[in-house]
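A.B. asks: Have a look at this one before I ask anything.
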Amino acid sequence: MSGATHIANVPDDALRTAIAQAGLDNLDGAFAFREGDELHKPGLGTRRRTRVILRDSAGQERLLFLKRYGPEPFFRRLRWFVCSFGSWTSRMKSPARVEFDAVAAVRDAGVPTMETLAFGQGCPLADGRSFLLVSAVPGESLERRYDDLAEAAPRDDSPLAGRLADELANLVRTFHAAGLAHRDLYLSHIFLAQQGDAMKLYLIDLARVFRPAAWRRFRWQIKDLAALHYSLPPQWRARHWVTFLSRYLGNATEKQTARWMRAIEKKSNTVARRTARRTARRAVGKPT
């Protein structure tokens, strides 16, 4: 059983050619690629994330991100192989295919995000490797704008205050309305592209996106909203969180809104305690 490679909707021939010349249109080429900047992060395991700049045939530089997944543990690959012939096909996929499908689901929901440019995976029994090549999104993460958000919080004339509450609510509401959950909805994964007062938000880091069962959606929505609540500057939360939540919930009653507020704040406090414990353990050199 041979591996499969798929070139997604590459927007133009110049970029398609550049991808092929770099060897990023096939599995072996992607894993042989040695250029770019490695983006290190704790807990990646066999995963590698690489920032890539390609110059296309028109001389334009293109910023892309290459995600490579090394062989999964044997029994996980065996399950992936066996289930690929049964009714669990949608669940048992290579990690790159999971993320490829997640990007497609987020784009189908109408949420701005990256574009998938190439994807490949080997036979799960013989290889187990997979890769995904995606475009960059414009702007910078809201985490990098943290101080700007805190400073803008009390100013009614700043688009990073009230306007951002509306844009954030629209982004998260649209995402959740599609039945999706993110599982890492922190400021670092929401990008803001801004020109003057015009702004557009993009959602990234979709590897853990999934579609929970209907009866579990509230739980996962609360988890997403709590992560966002925790990562926002306290000054911004104090001034604009109520506006954000009212826009997110739409026509909710006061009782319903209060229920969501309590659940989000309770979970946000849990996130804060866990983060504090991990930070303390790292400070003394203990594994997290």
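Nothing in this text is a laboratory measurement; each read-out follows from the coordinates by a stated rule. Please read these numbers as outputs of a predicted model, since none were measured by experiment. Glycine also receives a Cβ, built like all others from the backbone with ideal geometry; neighbour counts cover every protein chain displayed.
A.B. asks: Between ARG259 and LEU63, how high is the FRET efficiency from 1/(1 + (r/R0)^6) when r is the Cβ-Cβ distance and R₀ = 45 Å? Nearest 0.05.
C.D. replies: E(calc), rounded to 0.05, equals 0.60.
A.B. asks: Within segment 125-198, which GluC sites (Glu not before Pro) sit in a loop by DSSP and count at most 15 neighbouring Cβ atoms inside 10 Å? Spell out each step's value before the answer.
C.D. replies: Details: sites: GLU140, GLU143, GLU151, GLU167; in loops: GLU143.
Sites meeting the loop and neighbour criteria: GLU143.
A.B. asks: Describe numerically, in nm with one decimal, the distance between label points set 7 Å from Cα along Cα→Cβ at ALA177 and at ASP28.
C.D. replies: That separation, rounded to one decimal, is 4.8 nm.
A.B. asks: Taking R0 as 35 Å, what's the FRET efficiency between PHE218 and THR17 from their Cβ-Cβ distance, rounded to 0.05?
C.D. replies: Taking R0 as 35 Å, the efficiency between PHE218 and THR17 is 0.15.
A.B. asks: Under a cut-off of 13 Å between alpha-carbon atoms, report the aspartates and glutamates in cross-link reach of LYS200, not counting same-chain residues fewer than 8 places apart.
C.D. replies: GLU140, ASP166, GLU167
A.B. asks: Ok, one more. May I ask you to work out the translational diffusion coefficient for segment 140-283 at 4 °C, viscosity 1.567 mPa s, via Stokes-Einstein with Rh from the Kirkwood sum over Cα pairs, reported in whole µm²/s? Walk me through the numbers before you get to the answer.
C.D. replies: On the way: Rh = 15.7 Å.
Diffusion coefficient, whole number: 82 µm²/s.
A.B. asks: Further question on the same structure: What is the sum of charges around PHE244, taking Lys and Arg as +1, Asp and Glu as -1, for the other residues whose C-beta is under 12 Å from the C-beta of PHE244? List each step's numbers first, then the result.
C.D. replies: On the way: positive: ARG163, ARG173, ARG237, ARG239, ARG247; negative: ASP166, GLU167.
Cβ neighbours under 12 Å give a net charge of +3.
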